[in-house]
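J.: Have a look at this one.
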Amino acid sequence: MQRLADRHGFPHAIIAKCDLTAPDVATQLDRHGEYRNLRGVRGVASGAALRSAELGRGITALTRRGLLYELQITHESMGYASAVARRHPATTFVLEHAGLPLRADPGYLGLWRSGLRELGRLPNVLAKVSGLGMARHDWSIGSVRGLVLAVIDAFGTERTFFGSNWPVDRLYSDYGAIVGAHRAIVHDFTTAEQERLLHLNARQHYRL
């Protein structure tokens, strides 16, 4: 990835795979850190595993290196993630794919929104709105509008930003349609709010 960035100017930031619970986590992170576009690690831990002492040590090592932690979790793990974020206030956490709202029934979405609000109360947690087509292959602006607005309501326009899930999104849509949907949903927001959601928040926190 770094060779591609050096040759073509992108990707502008790299999120690495790293086992933060490993005894040699510091060595792994230092090896990743040799590449200048490294910005963080995406975690796969969920549920009670988020509270493990080993993961806590890994997050501390991550933070010491100025890197962020991406949370790829569903609503069932959001309470655990909130506890972790409170224990690591100096770490920037990013909730991936809007917290993966995988079902559309009201009970499920109610729990998802509750988890969003709990995470959204923590100033060191951000939310990335992306990947909504994974659960809604025939998505439309109308079908995802409520999901997008729920994330913005929980995190505000200063800690929410849009992204794609490329190339997975190619199975359900195209890049222009995804960007167009994001723009349409926030059309009535102020210009400053739209700029933060569509560009500035990501640029700030991923140092683009």
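J.: Step by step: first the residues of region 38-69, then only those that are under 15 Å from Ala26 (Cβ atoms) and small (Gly, Ala, Ser), then the one that is surrounded by the most Cβ atoms within 10 Å (Cβ to Cβ). Which residue is that? It would help to see each step written out before you state the result.
T.: First, the residues of region 38-69 that are under 15 Å from Ala26 (Cβ atoms): 38, 41, 54-67.
Right, trim to small (Gly, Ala, Ser) and you get 56, 58, 61, 66.
Numbers: Gly56: 16, Gly58: 24, Ala61: 19, Gly66: 12.
Among residues in region 38-69 that are under 15 Å from Ala26 (Cβ atoms) and small (Gly, Ala, Ser), the one surrounded by the most Cβ atoms within 10 Å (Cβ to Cβ) is Gly58.
J.: Next question. Only one of (1) surrounded by fewer than 23 Cβ atoms within 10 Å (Cβ to Cβ); (2) more than 20 Å from Ala48 (Cα to Cα); (3) within 12 Å of the chain's Cα centre (by Cα) is not met by Gln72, so which one is it?
T.: Answer for Gln72: the failing condition is (2).
J.: Could we say that Ser143 is in a helix (DSSP H, G or I), over 19 Å from the mean Cα position of the chain (by Cα) and farther than 16 Å from Thr21 by Cβ here? Give the derivation first.
T.: On the way: in a helix (DSSP H, G or I): yes; over 19 Å from the mean Cα position of the chain (by Cα): yes; farther than 16 Å from Thr21 by Cβ: yes.
Taking the combined requirement at face value, the residue satisfies it.
J.: Any chance region 109-120 includes a residue that's more than 24 Å from His182 (Cα to Cα) and aliphatic (A, V, I, L, M)?
T.: No.
J.: Being surrounded by fewer than 18 Cβ atoms within 10 Å (Cβ to Cβ), assigned to a helix (DSSP H, G or I) and touching a Pro at 6+ places or on another chain (Cβ under 7 Å), is that true of even one residue in region 92-113?
T.: yes
J.: I'd like the full set of residues that are out of contact with any strand residue (DSSP E or B) (no Cβ under 7 Å at 6 or more places or on another chain), over 29 Å from Leu102 (Cα atoms) and among the polar types (S, T, N, Q), limited to region 33-73.
T.: Passing the criteria: Thr60, Thr63.
J.: Moving to a separate point now. Name the residue that is nearest to the chain's Cα centre (by Cα), counting only residues in region 15-56 that are among the charged types (D, E, K, R) and in a loop (DSSP other than H, G, I, E, B).
T.: First, the residues of region 15-56 that are among the charged types (D, E, K, R): 17, 19, 24, 30-31, 34, 36, 39, 42, 51, 54.
Remaining after also requiring in a loop (DSSP other than H, G, I, E, B): 17, 19, 24, 34, 36.
Numbers: Lys17: 15, Asp19: 18, Asp24: 25, Glu34: 23, Arg36: 21 Å.
Only one residue fits best here, namely Lys17.
J.: Can Gly133 be described as within 27 Å of Val25 (Cβ to Cβ), in contact (Cβ under 8 Å) with a residue 12 or more places away in the chain and part of a helix (DSSP H, G or I)?
T.: Answer is no for this residue.
J.: Hey, any hits in region 98-118 for a residue that's farther than 27 Å from Ser173 by Cβ, modelled with pLDDT of 95 or more, under 12 Å from the mean Cα position of the chain (by Cα) and not hydrophobic (A, V, I, L, M, F, W, C)?
T.: No, region 98-118 contains no residue that is farther than 27 Å from Ser173 by Cβ, modelled with pLDDT of 95 or more, under 12 Å from the mean Cα position of the chain (by Cα) and not hydrophobic (A, V, I, L, M, F, W, C).
The values are calculated or read from the model by the stated rules, or taken from the named source; none is laboratory data. Not measured: the values here are computed from a predicted model. Counting neighbours? That spans all protein chains shown, and the Cβs are built from the backbone with ideal geometry, glycine included.
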